[in-house]
Amino acid sequence: MTLKSVLSLLLTVTLLALPAAAQNSAQAPGDSNGFTLKSDGLANILQRQQDKASDGSRYSTVPSRPDIPINTLPQGSISDIYRAVRTDTNGQVRVSARGPATDVMIQTAGMEWLSVRAGPLRTWGGYLLLGTIVALAIFYLIRGRVRISSGRSGILIERFNTVERFFHWLMSGSFILLALTGLFTLFGRVGIIPLVGRDAFAPLAIGSKFIHDYVSWVFMVSLAVVFLMWVASNLPSRLDWIWIKQGGGILSDDKHPPAAKFNAGQKLVFWSVVLFGTTISVSGLSMLFPFEFPLFSKTFGVLNAIGFSLPTDLVPQAEMQLAQLWHAAAGFILMAIIIGHIYIGTLGMEGAAEAMTNGDVDLNWAREHHSVWVEEGDHNPRPAGGQSTSATPAE
Ligand code: HEM
């Protein structure tokens, strides 16, 4: 490091009372790695001012510059400075920039975050998604498609109206975009840069981040609407237990446990989307507005009240790091659930996808999978491609 950069660091950071800290304590507060300050204080400075450096080895990296006042380096070697900056926890570091995180200039725990992000998060997240896809492929090979066992009736009934379908697709389209751009951000360095190079990756990464940041609003709004739209039909009912005990009838073409508008499996998807979608949104907002919504100190405080022992004095950077890990981990879990949902809504089950494409399903499909819903509602049945068969008057 040049003298110029040492000086600029010193101009930015004024370390007060460090000599005292060094003299008085064997370990600086917050110095979990056990580094201590080596300065021996005023005597040393005075000695140096008199051009009698007491410990030549400690100053050997600083070339002799008589034009620069010697007391700009008050507390010792460059490593002492960095150590002091890194371990400061009680307001000794002063910076000119104002902001919630500006006086934490070096955060050792950041390396731990980085190693979790680049290690277990990527590895286990990747395994979870690939494992889900492989498991579904094996299931498909063994079980095959769930057929309409009584065949198509040729009569259609409306399953989801236009508003329901619009918000389903708004939410699912935005979620898929967020998932892809999120994965791009997390795996870009290891998965994309080796393929396209850094120069091509840079604009892609910027574009991906832009999409991720802005599409998140579409997801949050559509999630709220979907919640309001379908929450009443997703409350637990006694039919759910019957459905669960029969495994949803998924292993047999002839078993069809009764269900209302949504069966227990779909309720599980709905509540997963609501709960994971909400926690992903909240942690995302915490990152979108850095340091404005610290989530973890308070949450850990609440958890500590019921027996946990979690840190509650997190520096702002640690809040952001935990938000990122939580956001990504919850995102991976929801992605895995949604892969399962997409499978059963398309390849896995005959007659399901049309409920969300044109809104109508075959009456026999509805009887097999949602018998109570068919019996209880007035669904205006009509022949496929024809007029209504019910006694509704022509308009
Ligand atoms: C290509 C992607 C997707 C397809 C083909 C698809 C298909 C479907 C279909 C066919 C239904 C209605 C099932 C029925 O009639 O009972 C449905 C419902 C639903 N979808 Fe999707 N969907 C997709 C993506 C998503 C995504 C990404 C989300 C959430 C982020 C989502 C959340 C839901 C929810 C909460 C329901 C209601 C509960 C349920 O039926 O499981 N969908 N979807």
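Values quoted throughout were computed directly from the atomic coordinates according to the rules given, and no laboratory measurement underlies them. Just so you know, these numbers come straight off a predicted model, no measurement behind them. Neighbour counts run over all protein chains shown; Cβ positions are idealised from the backbone, glycine included.
Pick out the one residue from 205, 179 that is within 11 Å of the ligand (Cβ to nearest atom) and touching a Gly at 6+ places or on another chain (Cβ under 8 Å).
179
For every residue, the table says whether it meets (1) among the hydrophobic types (A, V, I, L, M, F, W, C); (2) within 30 Å of residue 87 (Cα to Cα).
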site	(1), (2)
245	no, no
256	no, no
261	no, no
284	no, yes
298	no, yes
302	yes, yes
315	yes, yes
328	yes, yes
337	yes, no
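Tell me whether region 256-277 contains one or more residues that are among the hydroxyl-bearing types (Ser, Thr, Tyr), under 16 Å from the mean Cα position of the chain (by Cα) and crowded, with 18+ Cβ neighbours inside 10 Å.
No - not one qualifying residue is present in region 256-277.
Tell me yes or no: at least one residue of region 222-237 is away from the ligand (no atom under 12 Å from the Cβ) and polar (S, T, N, Q).
yes
Determine whether residue 233 is closer than 27 Å to residue 152 by Cα and in contact (Cβ under 8 Å) with a residue 24 or more places away in the chain.
yes
Given the options 315, 374, 302, name the one that is touching a residue at least 12 places away in the same chain (Cβ under 8 Å) and over 30 Å from residue 142 (Cβ atoms).
315
Pairs only if they're at least six apart or on different chains, beta carbon under 8 angstrom, first in region 343-355 and more than 10 Å from residue 145 (Cα to Cα), second part of a helix (DSSP H, G or I) and within 6 Å of the ligand (Cβ to nearest atom); list them, first residue then second.
Within 8 Å, the pairs are 345/356; 352/345; 353/345.
Cβ-Cβ under 8 Å, sequence separation 6+ or interchain: first residue in region 258-282 and basic (Lys, Arg), partner within 8 Å of the ligand (Cβ to nearest atom). Which pairs?
Listed by first residue and then by second, the contacts come to 261/370; 267/234.
Results for (1) more than 16 Å from the ligand (Cβ to nearest atom); (2) loosely packed, with under 14 Cβ neighbours inside 10 Å, shown as yes or no for each residue.
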| residue | (1), (2) |
| --- | --- |
| 102 | yes, yes |
| 142 | yes, yes |
| 150 | yes, no |
| 159 | no, no |
| 164 | no, no |
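List the number of the failed condition for residue 250; all other conditions in (1) within 13 Å of the ligand (Cβ to nearest atom); (2) over 19 Å from the mean Cα position of the chain (by Cα) hold.
Among (1) within 13 Å of the ligand (Cβ to nearest atom); (2) over 19 Å from the mean Cα position of the chain (by Cα), the lone unmet condition for residue 250 is (1).
Answer yes or no: is there a residue in region 251-264 that is in a helix (DSSP H, G or I) and not hydroxyl-bearing (Ser, Thr, Tyr).
Scanning region 251-264 turns up at least one residue that is in a helix (DSSP H, G or I) and not hydroxyl-bearing (Ser, Thr, Tyr).
Residue 242: part of a helix (DSSP H, G or I), away from the ligand (no atom under 16 Å from the Cβ) and within 30 Å of residue 139 (Cβ to Cβ), yes or no?
Considered against the rule, which asks whether it is part of a helix (DSSP H, G or I), away from the ligand (no atom under 16 Å from the Cβ) and within 30 Å of residue 139 (Cβ to Cβ), residue 242 comes out as yes.
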